[in-house]
1. Output the number of the condition that A:T251 fails; it satisfies all remaining conditions of (1) out of contact with any helix residue (DSSP H, G or I) (no Cβ under 9 Å at 6 or more places or on another chain); (2) assigned to a helix (DSSP H, G or I); (3) of a type in the set (S, T, N, Q).
2. How many residues are among the small types (G, A, S) and touching a helix residue (DSSP H, G or I) at 6+ places or on another chain (Cβ under 9 Å) if we restrict to segment A:200-214?
3. Identify, by number, the condition in (1) in contact (Cβ under 8 Å) with a residue 40 or more places away in the chain; (2) surrounded by 14 or more Cβ atoms within 10 Å (Cβ to Cβ) that B:E15 doesn't meet.
4. From the list D:G63, D:G54, pick out the single residue that is more than 14 Å from every other protein chain (Cβ to nearest Cβ), surrounded by fewer than 21 Cβ atoms within 10 Å (Cβ to Cβ), of a type in the set (G, A, S) and in contact (Cβ under 8 Å) with a residue 12 or more places away in the chain.
5. Could we say that C:D250 is charged (D, E, K, R), in contact with an Asp or Glu (Cβ under 6 Å, 6 or more places away or on another chain) and within 13 Å of chain B (Cβ to nearest Cβ) here?
6. Quick one: how many residues across segment A:254-290 are in a strand (DSSP E or B) and either closer than 17 Å to D:R102 by Cβ or more than 7 Å from chain D (Cβ to nearest Cβ) (or both)?
7. Does B:R334 satisfy being away from every other protein chain (no Cβ under 14 Å) and on the phi > 0 side of the Ramachandran plot?
8. For C:T114, are the conditions met, namely being within 14 Å of another protein chain (Cβ to nearest Cβ) and closer than 18 Å to B:A258 by Cβ?
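The values are calculated or read from the model by the stated rules, or taken from the named source; none is laboratory data. Not measured: the values here are computed from a predicted model. Heads up, the Cβs are rebuilt from the backbone with ideal geometry, glycines too, and the neighbour counts pull from every protein chain shown.
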4 protein chains.
Amino acid sequence: MRAVTFHAPGEVRVEDRPEPELLAGDDAVVRVLATGICGSDLHIYHGRVAIEPGFTIGHEFVGTVVAAGPDVTRVTVGDRVLGCFHTACGICFHCLRGEYHRCVESRTFGHGATLGSLQGTQADMALVPRANMVLRRVPEAMSNETALFAGDVMGTGLHAVVASGARAGDVVAVLGLGPVGLSAVQVAHASGATVLAVDSVAERLEVARAFGATPVHLDEQDVRAEARALTGGRGVDVCIDAVGHPAALDTAVRITRACGTVQCIGVYTERLEVHMGLLWLKSITLRGGQANVIAHVDRVLSMFEAGTLDPARLVTHRMALDEAPEAYAIYDRREALKIVLEP
Amino acid sequence: MRAVTFHAPGEVRVEDRPEPELLAGDDAVVRVLATGICGSDLHIYHGRVAIEPGFTIGHEFVGTVVAAGPDVTRVTVGDRVLGCFHTACGICFHCLRGEYHRCVESRTFGHGATLGSLQGTQADMALVPRANMVLRRVPEAMSNETALFAGDVMGTGLHAVVASGARAGDVVAVLGLGPVGLSAVQVAHASGATVLAVDSVAERLEVARAFGATPVHLDEQDVRAEARALTGGRGVDVCIDAVGHPAALDTAVRITRACGTVQCIGVYTERLEVHMGLLWLKSITLRGGQANVIAHVDRVLSMFEAGTLDPARLVTHRMALDEAPEAYAIYDRREALKIVLEP
Amino acid sequence: MRAVTFHAPGEVRVEDRPEPELLAGDDAVVRVLATGICGSDLHIYHGRVAIEPGFTIGHEFVGTVVAAGPDVTRVTVGDRVLGCFHTACGICFHCLRGEYHRCVESRTFGHGATLGSLQGTQADMALVPRANMVLRRVPEAMSNETALFAGDVMGTGLHAVVASGARAGDVVAVLGLGPVGLSAVQVAHASGATVLAVDSVAERLEVARAFGATPVHLDEQDVRAEARALTGGRGVDVCIDAVGHPAALDTAVRITRACGTVQCIGVYTERLEVHMGLLWLKSITLRGGQANVIAHVDRVLSMFEAGTLDPARLVTHRMALDEAPEAYAIYDRREALKIVLEP
Amino acid sequence: MRAVTFHAPGEVRVEDRPEPELLAGDDAVVRVLATGICGSDLHIYHGRVAIEPGFTIGHEFVGTVVAAGPDVTRVTVGDRVLGCFHTACGICFHCLRGEYHRCVESRTFGHGATLGSLQGTQADMALVPRANMVLRRVPEAMSNETALFAGDVMGTGLHAVVASGARAGDVVAVLGLGPVGLSAVQVAHASGATVLAVDSVAERLEVARAFGATPVHLDEQDVRAEARALTGGRGVDVCIDAVGHPAALDTAVRITRACGTVQCIGVYTERLEVHMGLLWLKSITLRGGQANVIAHVDRVLSMFEAGTLDPARLVTHRMALDEAPEAYAIYDRREALKIVLEP
């Protein structure tokens, strides 16, 4: 079968790989119908996240179950399913508390040995361990493209809003309008919040406006003044940092009101200077981390079905699996929001 | 000044009363611009809630501050304001916990000696104790009619949804589509829930549909079947009982899923048979009580300003204060949703 | 092997039964070292909970793993383990939310066909499905007797206190001082609450006093007056009803403060008259249901190890498995708190 | 009257000042019976917190009400009372949410113009604005010394534990065993947590042990190894940083488990390097800020009365008000935990 593999920074290939086989009783094998390219794939593409050359990448997928071990009860062969981007055991300390994203045996698709040596989903077929946790049936009327968002991008947007404690009537700022930031915008708006969406790319600001937010251009407007204007000078109740850069974190701490929350879904990997003085003075809660999509995926699907959420607008490119090298190049040039690859 | 007074079941009059005067440092006097007739006024009208003959009734109001004691800091003379339906001291055990609706010194407008001997607001003017807690400035662009809903009806709808713990993506059933039930429908929808709205009056079901809910006709459809159909057979996550009748409570317990919540904003005043067996078997949380509008009024105003909530559709009648006797008769015949009286 | 079986109200026998065998990959077989008789066994003994004659009863157990399927990872053959009283699948709607007690595939040990046809643990050996969810290793220094409480009685006590939302500094009343009620007393006290323990049996009141509570004799003292005296007249923050009788529920609603919580762990199975008027007037939260011990068992074990909780005082009888008929008779006469049977 | 005033770093004096007089309807004047020296007084003493020379310092106090404005209802002249360290208006955005520590009109005793120009309590008498919010009656059997802790030190300890979300059965580490850290130790232990108490001063570690904690010597033991040993390698559920130094924050982030909470009550005033990468990877919640003692003071008093908390052991010195200069010098040399000054 074909698989998109990483070889060196800036170099991905479509190569031939053996088809996966069931290894455990709760494994499934899925024939991929659609798989996305995500911001974290770009980290691999840039060499910032190191994986073994030749490893298959990708972690977003919708497909058809073609084989399932005897312990797989949630789905059956022939089902159209979507997958979450990582596995969870269901029985460890964290899983028993519903903290599936911190499962001690968690493996992430397409991230090499450091995250569990689980081959990626940008391929004709994918092996899915812990299929009862990872897979969900796609409702009949839902497109592959829409379902693709439940197990990663929109699940992350929902996680950010839920984890932040944002409530109907709150003012929520979202910094960074990539697909995840825009998903957070849509979820916050659907949850009854007034949303301030901040970026410097006009097209992304337009999508945010279409999702119900007030767009704020980072370079042309004064973010702090806008936040104050919307909140009687207090600052926003919640700021979702979907950037993962010290400048974004700094803005977040500044525009958030006393006793508010800064929720970081943008990735931080290093030490950095934080304005702890301001954070302390304002009694702000700062929380970060990967999204707990297994806890949220069913809710995302319900909201897709109800029409409360709709990611269609985020898909800017549909390409063939064979075009993966070009797709990565486009994504790297920031010319796309979500690229869907169809094997 | 003119005031609407209760005299006997079915008999209210418009009478002359002395204008109110400031009695305490945190009192205000408000010239009433709009005042509503509410379901709880009907309890008085029917004689089920006993008050002294000649007492001024009404507890929903928007008006202009014409006098304010030296300790009133939130508003000033000349401000257009709305009022919450009861007072709170701000310092007792309950107020310190934000449970303003259980303030030990709480007084409710227009409910006679049993609720604090505070004359009602269906009058040309009203005395407002604890003005810092009770009053809020009306945003300039907001109509009197819209603001009128913040301190009672929509505040109660928001309270019900917040107290129930309903979240975006949940399925929420609302039983009873009077103004409060319809407000709960609108809040639940605005909060990202899928809403099932149950009543037997076609017009009310239509308003619910316009508010984004799936209407269910109590007599023509099978409520339990509809609840199951929307939830994969599980039952709704939250059921808001806006009726206050044993049959409604029974339906609520039946259609709510295991570990779900039944939130009663419909008034219960007596002992009644409850299916504790079912409630226990399903680990349901049952919660009731008056709404904590002082805790929610600012959020309602924010949502009115953002356009997330809009009660305009609930106003079916606008009448003069002098027409109060006729207005009560119309409301008693269930021909109206909200009647606004304008002095 | 020997097994305690139910035959008719008041009649249990020790009979010979085939040893259990592994049926699924995540099954284990446990050789029982200690098993308890519980209040819910008494419901079976009285015929109020109907099960098939000849069915093995009992659901509390500590033992040694003698066989384990290939998917059992939490424990291994030879481990000394304790069991929770029911199974959970780990992947259904409820399990994913941590509501393990409402698992759609849950099976309870020793309760016949209505609760999943899972043979009981009052036997030489027990088959344990979903062993990864049900079993926990017993810490080396912990006695069988102590561990026995984690998977049922003390887990239920902890559940009651946690579910009630009781916090350090609250006043918590516990009605009914059987083993579960006394466990709730101990947990509430260990959690920093002031505890009022209500019963009419002097010995049980003494144990409650030893557990740090203020005992209140139901017949000789005025429970409402005691509750008021401890709370400045307000009523208790939380009332845990460990009785499951209309009179207890009525007392609970009366002695609980406005905005407080009534948590029912005593079992209700039928319709009954509830003072909804009072519950509504006081904005009380009423919650009931079986305990979610799988969510709490690890925490109970930690607190046993830390010495924060200690159930030793609850064990009043140790008897041989062969003495089960006599043990049930003793328990039925209310002469025991916890009887431990040792095969 | 006499008052302890700040003049220059290291220089406080006892000077004569005019007696305070009532200025507003909800003011009270209190004759001080006991007043404490606190760690934040030391910041002033060191000149790190700048206040006007000659300003009266101190913010912990117990005394007798000698005058009260007409709006003071919570206490009356002659009452023995304790005070919280700051005022709150009760009606602003934050107060209505129970966030009294972020009241927009909050004034802190003894901190000069930057915190509201409210003269301190290390004096014969003190003016108390917002007396209904600030003051509480001292229960008759409670000593001045014990009551003194409710409005500042122990209130801060309780705030830290409550804000952290620590629950019975959790493992809580407390870094820094000054009076506030030791109070947090006592509260956490009283709340059912297993407590790891970290410092480098043997006497303080001994007090922590007496309060039920496992002491860990910062220089002689490996804090991370101890935290791992107590938690099966996971790290503590909650770490309370009562130090306010980058090294403490770093330790906190390292020893806290995935999805755990770091609660900072130690003061941060500047930018500093934080290991955001680790915080993000572990999905840790970081929260800081001044304590909300007005929200917690009644609970502290209840726990003092119940004997669940007892600060007596924290008082190491009792001195006369006239000895204030010497008392500050002793405190500055870290020879004391709590010094109580008695006018």
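1. So A:T251 meets the others, but not (1).
2. Step one: of segment A:200-214, the residues among the small types (G, A, S) are A:200, A:202, A:208, A:210, A:212-213.
From what's left, touching a helix residue (DSSP H, G or I) at 6+ places or on another chain (Cβ under 9 Å): A:208, A:210, A:212-213.
So the answer is 4.
3. Among (1) in contact (Cβ under 8 Å) with a residue 40 or more places away in the chain; (2) surrounded by 14 or more Cβ atoms within 10 Å (Cβ to Cβ), B:E15 violates only (1).
4. Step by step, each of D:G63, D:G54 is checked, and only D:G54 is more than 14 Å from every other protein chain (Cβ to nearest Cβ), surrounded by fewer than 21 Cβ atoms within 10 Å (Cβ to Cβ), of a type in the set (G, A, S) and in contact (Cβ under 8 Å) with a residue 12 or more places away in the chain.
5. Numbers: charged (D, E, K, R): yes; in contact with an Asp or Glu (Cβ under 6 Å, 6 or more places away or on another chain): no; within 13 Å of chain B (Cβ to nearest Cβ): yes.
No.
6. Of all residues in segment A:254-290, those in a strand (DSSP E or B) come to A:256-264, A:272-274, A:285-288.
The next check asks that each one be either closer than 17 Å to D:R102 by Cβ or more than 7 Å from chain D (Cβ to nearest Cβ) (or both); those that pass are A:256-263, A:285-286.
Residues that pass the stated criteria total 10.
7. Values: away from every other protein chain (no Cβ under 14 Å): yes; on the phi > 0 side of the Ramachandran plot: yes.
It is true that B:R334 is away from every other protein chain (no Cβ under 14 Å) and on the phi > 0 side of the Ramachandran plot.
8. On the way: within 14 Å of another protein chain (Cβ to nearest Cβ): yes; closer than 18 Å to B:A258 by Cβ: yes.
So C:T114 fits the description; yes.
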